[in-house]
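Undergrad: Below are the structure tokens for one structure; questions will follow.
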């Protein structure tokens, strides 16, 4: 009987017949070639059964990192199972950086890319937009390489694991840079509506944290690159925090990245949490929805209309921005987006009631869910049919299809 594995949050128990931890690409190819059904497991930070399978579950964590920087092309090539925090330290030591990072540096490169995981910034695309090439072991065990400029490339990046095992990813890099982080508190809620675009664009990366409980936004985290204008003394009525803060006010900020305007390396400021700390025990659930950035104020009002269902299930909510991209299954496809993220208490009944209410209120705004989090329905994206055709060409046996992708991608 296969070992029993759970995701990071503990709300999903995987049910594979077999679990594999290959140490070479050739081993991955042999496993896939002999599998009737297979899925890939990264760091397990998804909150739904996207990685589950009744067949062979393949962890890529054991593949050698093999980080290769190409200074002429301005790229880095890395094994898919490497965590962003580990890659970032190697890059910074060599004088390079990525354009952005997610709030957690603990997530794997291939897993984050496959689900369009993101950071924040009005001019910054999700993490998948840095991808210049992928190497995938497809359904028959073949190793396929796709690069930017190939016709199928926009469908091969945010692919939900449905094309095969991503064993290697090539990412664009830029020269290393410094970032400082400032936290402001108690932003009047009315000012958020009146000055949304100014607040969202107040730094290289901006995050707002709120409990949706009163007439203020709890915190605004502004991350500024070296050379940007100095941080303001106040932000539309929000004042600077007197000390370090955790997004959840009652929690210790010890595991958060340094604040107070102290400059530091990009990888030590862009995430909210430090790599050397576990940000929590995973005792939470998460959901996230994306609407057009131009509809942000309407989306805020939609959340407040179901506040009575949201607040009892909520630990904290985060508001961020993501620039549009051209990746077929990206929830930011051809749409500059505002992200409404919800960190829930680990209570399925409360969470599902809140999720149903949110999805109903946000549906008129064309809300799209984060592929790796808790949701009920995902609208069909403009290029979904093209993605399905690509998947059926690369994986004609349907080796990498599971109940999750059947429901949310293949179903009309």
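Undergrad: Can you tell which of 358, 350 is under 22 Å from the mean Cα position of the chain (by Cα) and either touching a residue at least 12 places away in the same chain (Cβ under 8 Å) or within 26 Å of residue 293 (Cβ to Cβ) (or both)? It would help to see each step written out before you state the result.
TA: Working: 350 fails: under 22 Å from the mean Cα position of the chain (by Cα).
Criteria check complete, one pass: 358.
Undergrad: When you go through 59, 108, 120 one by one, which is the residue that is without any contact (Cβ under 8 Å) to a residue 60 or more places away in the chain and touching a strand residue (DSSP E or B) at 6+ places or on another chain (Cβ under 6 Å)?
TA: On the way: 108 fails: without any contact (Cβ under 8 Å) to a residue 60 or more places away in the chain; 120 fails: without any contact (Cβ under 8 Å) to a residue 60 or more places away in the chain.
From the options 59, 108, 120, the qualifying one is 59.
This table checks each residue for (1) in a loop (DSSP other than H, G, I, E, B); (2) surrounded by fewer than 21 Cβ atoms within 10 Å (Cβ to Cβ); (3) touching a residue at least 24 places away in the same chain (Cβ under 8 Å).
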| position | (1), (2), (3) |
| --- | --- |
| 203 | yes, no, yes |
| 218 | no, no, yes |
| 267 | no, no, yes |
| 275 | yes, yes, yes |
| 283 | yes, yes, yes |
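Undergrad: Would you pick out the residues in the range 180-201 that are assigned to a strand (DSSP E or B) and either buried (at least 22 other Cβ atoms within 10 Å of the Cβ) or modelled with pLDDT under 95 (or both)?
TA: Going residue by residue through the range 180-201, those that are assigned to a strand (DSSP E or B) are 180-188.
Within the range 180-201, 180, 181, 183, 184, 187 meet the criteria.
Table: residues versus (1) in a loop (DSSP other than H, G, I, E, B); (2) at positive phi; (3) in the same structural domain as residue 104 (by TED's automatic domain parsing).
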residue: 23; (1), (2), (3): yes, no, no
residue: 32; (1), (2), (3): no, no, no
residue: 36; (1), (2), (3): yes, no, no
residue: 39; (1), (2), (3): no, no, no
residue: 58; (1), (2), (3): no, no, no
residue: 62; (1), (2), (3): yes, no, no
residue: 78; (1), (2), (3): no, no, yes
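Each row is one residue, and each column tells you yes or no for (1) under 23 Å from the mean Cα position of the chain (by Cα); (2) closer than 15 Å to residue 108 by Cα.
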{"residue": "10", "(1), (2)": "yes, no"}
{"residue": "30", "(1), (2)": "no, no"}
{"residue": "43", "(1), (2)": "yes, yes"}
{"residue": "51", "(1), (2)": "yes, yes"}
{"residue": "84", "(1), (2)": "yes, yes"}
{"residue": "91", "(1), (2)": "yes, no"}
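Undergrad: Just for helices (runs of 4 or more DSSP H) wholly inside the range 293-408: which have at least 3 residues that are outside the structural domain of residue 247 (by TED's automatic domain parsing) and out of contact with any helix residue (DSSP H, G or I) (no Cβ under 7 Å at 6 or more places or on another chain)?
TA: Working: elements: 296-305, 307-310, 348-362, 384-394.
Filter on the range 293-408 gives 384-394.
Undergrad: Continuing with the same structure: Output the residues belonging to the range 81-98 that are out of contact with any strand residue (DSSP E or B) (no Cβ under 6 Å at 6 or more places or on another chain) and not in a helix (DSSP H, G or I).
TA: Within the range 81-98, 82, 95, 96, 98 qualify.
Undergrad: Could you figure out which of (1) within 29 Å of residue 53 (Cα to Cα); (2) surrounded by fewer than 20 Cβ atoms within 10 Å (Cβ to Cβ); (3) at pLDDT 95 or above isn't true of residue 140?
TA: Looking at each condition in turn, residue 140 falls short on (3).
The values are calculated or read from the model by the stated rules, or taken from the named source; none is laboratory data. Here the structure is a predicted model, which means the values were calculated and not measured. Heads up, the Cβs are rebuilt from the backbone with ideal geometry, glycines too, and the neighbour counts pull from every protein chain shown.
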